[in-house]
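Notes follow the structure.
The values are calculated or read from the model by the stated rules, or taken from the named source; none is laboratory data. What you see is a predicted model, and the numbers here were worked out from it, not measured in a lab. Glycine gets a Cβ as well: all are built from the backbone with ideal geometry, and neighbour counts include every protein chain shown. Note: areas computed on protein heavy atoms with side chains; ligands, DNA, RNA excluded. Shrake-Rupley method; radii C 1.70, N 1.55, O 1.52, S 1.80 Å.
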Amino acid sequence: FVEQNQRLFSKSVFSTSRNQHRSAPLLVPSIGNGYLATVVGSSTVYIGGLFNGKNVNGIELTPASHRARIPAYLNLNVTNSEVDYTEQTTDGKEIFHAGGFAIDTKQGVYYERAFSGANNAKVQVEQRRYCHRRFSSLIVHEIRVDNSVSQFPEDVELELFATPGKESEDISFSIVDETKDYIALQGSINTPELSNSLKVKVGVVYSKIPSSLEIHANEKQTFSFFFTARTNIPGDLTEPSQEPWKAALADFKQARDFHNDDNSETSLMQEHLRAWDSEIWSKGNIQINGNDELAQVVQSSLYWILLSARADWPWSLSPGSLASNAYNGHSFWDCETWMYPPLLTFYPSIAKSLLQYRFNHLEASMAKAKGYNQCSSD
């Protein structure tokens with residue numbers, strides 16, 4: 001999408017010139033890495049295995065156990081940008097500049113290209129959002145600004161604002177650290193599923209968002225913003241006694257200090273793309289020739305499964321994906337019947353994590369079955 005417009009017509013890149021956030025919000029794509037996920041432009045981030053609310057054997061209470069909502073503190077917007085515009089040249093000719101929105105399901109990256117500024121001093125603004133495949137606690141929002149595309153470039157100031165939505169009703173967050181670069185929060189879910197269940201702690205660190213970005217004439221700049229989240233769910237922390245916000249802060253600093261030169265093979269973006277390739281696409285894929293519509297359906301379905309699962313985080317899959325609270329984020333027989341087989345064929349380590357989830361929670365499943373009189377006391 002960035003360099004080659006013809007990629008928009010591939011079977012793995014889905015694009016539009018319309019802002020679906022406003023015109024058709026149900027069609028907005030999701031990004032995720034199997035640990036955390038979000039619907040692009042939404043006010044919510046979910047972590048696999050992070051739930052709030054009670055469940056009793058055989059009886060579902062209100063509010064039932066459901067995915068615990070983390071506000072999307074990195075849901076950024078650039079004001080005064082247009083998807084396309086027409087520029088009048090000195091000889092009277094009109095040049096049409098097109099932007100748009102695209103999800104690359106091979107890269108796990110959502111792109112948004114638009115223009116901002118006065119007609120004769122437009123700057124190209126490209127936003128890239130992704131949940132990092134290698135660094136699983138990390139969400140990245142990059143804003144690339146090219147102030148050399150118009151006839152008469154001028155210094156430009158772009159306004160930014162964040163829309164994280166209302167405070168979470170599932171997690172009571174409080175600020176535990178704040179600097180000029182970031183804000184760190186920690187909280188606990190309000191209600192565990194069972195009386196003896198862990199009251200999970202959640203730590204979040206996110207970039208402080210400036211009110212504006214200044215780009216001088218003929219300059220190109222990339223601005224990077226980060227969101228990291230960790231929990232004390234068993235297996236999430238290297239040291240079980242560590243506070244989740246401190247683990248999230250370590251991840252944040254790693255991302256901030258990473259080499260973020262777009263042209264570098266060691267940039268965050270390149271590390272993300274390499275992880276998708278080495279962990280996923282190099283293992284296998286489903287390719288369909290002669291029926292582009294079917295190929296797109298299969299590719300997008302596979303992408304939605306893969307954004308919701310990973311080998312090192314055994315919390316299975318639910319209808320609607322990790323980016324959704326559909327069916328309260330719970331796993332059903334659908335997982336092993338419909339989602340497990342293609343994963344087993346191409347990505348056995350991820351498939352194993354789905355079964356590991358069932359094994360890890362076998363005792364709770366038996367207790368649940370007894371509540372429905374479907375399991376003997378033995």
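Things worth noting here:
- Share of carbon and sulfur in the accessible heavy-atom surface of the stretch 186-345 [1.4 Å probe, %]: 50 percent
- The residues of the stretch 244-378 present an accessible area of 55 Å² per residue when probed at 1.4 Å with all protein chains retained.
- Segment SER349-LEU213, length gained on full extension (0.36 nm per residue, minus Cα span): 44.7 nm
- Computed lengthening from SER17 to LEU198, 0.36 nm per intervening residue step minus Cα-Cα distance: 60.6 nm
- Packing-based order for 252-258, 320-326, 199-205, using average beta carbon neighbours within 10 Å, highest first: 199-205, 320-326, 252-258
- Simple spin-label estimate for GLN242 and SER301 in nanometres, 7 Å along Cα-Cβ: 3.9 nm
- Karplus 3J(HN,Hα) series, Hz, for the stretch 167-183 with 6.51 cos²θ - 1.76 cosθ + 1.60 (x for Gly, Pro): 5, 5, 8, 9, 10, 8, 8, 9, 6, 10, 6, 8, 10, 5, 9, 8, 10
- Taking amide H as placed 1.01 Å from N in the peptide plane, the amide H of VAL109 sits under 5 Å from that of ASP104, each at least 5 places away or on another chain.
- Value of relative contact order over the stretch 115-238, rounded to a whole percent, pairs C-alpha under 8 Å and six or more apart: 28 percent
- 22 Å Cα-Cα reach of LYS122 towards lysines, excluding residues that sit fewer than 8 places from it in its own chain: LYS93, LYS220
- As a ratio to 2.2 N^0.38 Å, the alpha-carbon radius of gyration for the stretch 227-371 is 1.24.
- Checked against a 21 Å cut-off, the cross-linked pairs LYS180/LYS201; LYS106/LYS283; LYS54/LYS368; LYS54/LYS352 give Cα-Cα distances beyond that limit for LYS180/LYS201; LYS54/LYS352.
- In terms of the mean number of neighbouring beta-carbon atoms within 10 Å, the peptides 271-282, 36-47 order highest first as 36-47, 271-282.
- Taking θ as phi - 60° and the Karplus parameters 6.51, -1.76 and 1.60, the scalar couplings of the stretch 231-246 work out to 10, 9, 4, x, x, 8, 10, 5, 10, x, 7, 5, 6, x, 5, 6 Hz in sequence order, x denoting glycine and proline.
- Amide H within-cut-off set for VAL176, under 5 Å, with H built and near neighbours excluded: ALA184, LEU185, GLN186
- Added length on full extension, which subtracts the Cα-Cα distance from 0.36 nm per residue, LEU27 to SER148: 40.3 nm
- Phi to ³J(HN,Hα) by Karplus 6.51 cos²θ - 1.76 cosθ + 1.60 over the stretch 204-215, Hz, x for Gly, Pro: 9, 10, 9, 5, 6, 9, x, 6, 7, 10, 10, 10
- Taking amide H positions as modeled 1.01 Å from N, with prolines and chain starts lacking one, no residue 5 or more places away or on another chain lies under 5 Å from ALA323.
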